[in-house]
Amino acid sequence: MGTVEVEVKLTGRPAELSAAFDDLGGSRPARQQLLTTYYDTPEGHLRRRGYALRIRSRRGVRELTLKKDEGDGLTRGEWTSPLPPATGGEGTPGLDRLPAEAPVDDLGVTATDVLNPTFLTDIGRTKKETRMGDALVEVSLDAGRISAGGRETPVAELELELLSGPVGDMLAGGRTLLKKRRLAVGTRSKAAGGTDLLLGTSPAAVRATRVKLDPADSIDGALAKVVRAACVHAMGNLAAVLEAGDPEGIHQLRVSLRRLRSALLFLKHHLGSRAAALNREARRALKRLGPARDLDVFLLETLPPVIDANPGVSSLPRLRDAARQRREAAHASARKVLLGRRFNRFVLDLLDVAHGGGLVVEDSGESLMETAKDRLNGRYRSLMKAGKGFEHLGEPERHRVRIALKKLRYACDYSRSLFPGPAVGTCLRHLSSLQDDLGRLNDAAVARQISRELAAADPHAAEGASGVRDWCDERVRAAEPGLIESWRTFVATEPFW
């Protein structure tokens, strides 16, 4: 049958996971040994579409399951059918054994495609049922390994699966665990971990998904959609930062938090203390992740062309080495934040809002369309005010223009489905182009500051730091005509709302 599985995964040291399991009380624990084989085509048709197909065996009972991870860290589509006991010699079960409602047509697999075993999991599971408020929750403590291509990786996690009752009560129970135990919200399924092990890859950064609002949505429902998209975006990049140290992961994670803050500020007149707390935590995380992102840009984008253009300046490699050390420390600090209790409680709060809404405490009775138009007009006016006399503004004033522009762009991006027509795309293209130009201006300002700080700590890097500042100054001068043209083009663009 087909179901939507609502589940939170917590990770940490085995001793902490075991203690958390004991903290929850509940029914008498039962132990199982789960042997699972995952299947896909050699071309990876299923994994590329976000699906996982597996056969699980426990005590001689076998079942075939198709899963689709929704990427939000909470919900998964699941379609399961029993299989006859293994007798030896049977081939891979056909997709026709799945329940009739399983989305087989979405898998991109034809009758001639071959499904092969890809990786295995061998998991010892101890499980029980417990009450968390009005929610009945199945708690599973998993320990074991994933095997693929001659490689293995350990598994240690605690799963909370909602059997009945409010999802918010289950998440509140998870939040209580995070206060007591050093755990983090897990963002990776066993299927995702097995795929990386099989392919020898690391978790990759992901970009934001487009929000689809409907004019009939309530303001609270629309905000929940935006929060859910931000949550999917954020959780999709946690593994890229924590496991792979991917600079793009840091960048995309910060984008997700900015988009969230933009939405909360966009509707702040309708919201209460709960939204203010989410905004405060997102702002804190952004600030703590900022140094890692700034140093990534400095080392990967700013410094290489300066070094290439000045091969004889020995202090530039010294400056680079100093920046690398600082970047390593900044990334370590970022990982500490993301693994900390405070950030992970924030993630559970986001999941709660994304699936339950409840942020709007004051509804004026306006339609979503009226509210969106009013708020977009407000964002637009703020940008026009900040950008008055743009050609003559200095760097600090243009930085304020950039902030106002980002707020408008994010608001336009998640409101775009309310206003169909070509004017939306035109406006967003011009907004994006102007944001890119202003972003390069900001990168130059940050690079100057970093080079000054590095030179102050190491006088032998001073000459290289001066070269970076000169390069940034020249880049800003060269970009000025294009920046002014981008601003004029945007100003001449009719707002789509």
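Could you tell me which numbered condition residue 212 fails, if it satisfies all but one of (1) crowded, with 17+ Cβ neighbours inside 10 Å; (2) part of a loop (DSSP other than H, G, I, E, B)?
(1)
Considering each of 306, 232 in turn, give the residue that is part of a helix (DSSP H, G or I), closer than 22 Å to residue 203 by Cα and assigned by TED's automatic domain parsing to the domain that holds residue 461.
Sole residue among the options that is part of a helix (DSSP H, G or I), closer than 22 Å to residue 203 by Cα and assigned by TED's automatic domain parsing to the domain that holds residue 461: 232.
Condition first: closer than 25 Å to residue 231 by Cα, modelled with pLDDT of 95 or more and not basic (Lys, Arg). Can you find one or more residues in region 52-62 that meet it?
For region 52-62, residues closer than 25 Å to residue 231 by Cα, modelled with pLDDT of 95 or more and not basic (Lys, Arg): present.
Taking the stated definitions as given, is residue 354 touching a Ser or Thr at 6+ places or on another chain (Cβ under 7 Å), closer than 23 Å to residue 208 by Cβ, among the small types (Gly, Ala, Ser) and crowded, with 16+ Cβ neighbours inside 10 Å?
No: the conditions fail for residue 354.
In region 1-78, which strands (runs of 3 or more DSSP E) lie fully inside it and hold 1 or more residues that are farther than 28 Å from residue 232 by Cα?
Of the strands (runs of 3 or more DSSP E) lying wholly inside region 1-78, those with at least 1 residues that are farther than 28 Å from residue 232 by Cα span 30-40, 51-58, 61-69.
When you look at residue 183, is it outside the structural domain of residue 50 (by TED's automatic domain parsing) and more than 16 Å from residue 121 (Cα to Cα), yes or no?
Against the criterion (outside the structural domain of residue 50 (by TED's automatic domain parsing) and more than 16 Å from residue 121 (Cα to Cα)), residue 183 does not qualify.
Quick one: what pairs do we get from region 448-460, first residue free of Cβ contacts under 8 Å to residues at least 12 places away in the same chain, second assigned to a helix (DSSP H, G or I) and among the acidic types (Asp, Glu), C-beta under 8 Å, 6+ apart or different chains?
Matching pairs, first to second residue: none at all.
If I filter region 160-189 down to residues being small (Gly, Ala, Ser) and not in a loop (DSSP other than H, G, I, E, B), which single residue comes out as surrounded by the most Cβ atoms within 10 Å (Cβ to Cβ)?
Within region 160-189, the match that is surrounded by the most Cβ atoms within 10 Å (Cβ to Cβ) is 174.
Being closer than 22 Å to residue 69 by Cβ and of a type outside the set (A, V, I, L, M, F, W, C): is that true of residue 150 here?
When the stated conditions are applied, residue 150 does not pass them.
What about residue 301, is it of a type in the set (Asp, Glu) and loosely packed, with under 15 Cβ neighbours inside 10 Å?
yes
Please pick out the residue among 57, 27 that is exposed (fewer than 14 other Cβ atoms within 10 Å of the Cβ) and either outside the structural domain of residue 7 (by TED's automatic domain parsing) or in contact with a strand residue (DSSP E or B) (Cβ under 9 Å, 6 or more places away or on another chain) (or both).
27
The values are calculated or read from the model by the stated rules, or taken from the named source; none is laboratory data. Predicted model, so just to flag it, every value in this text is computed and none were measured. Reconstructed Cβ throughout: ideal geometry from the backbone, glycine too, with neighbour counts over all protein chains shown.
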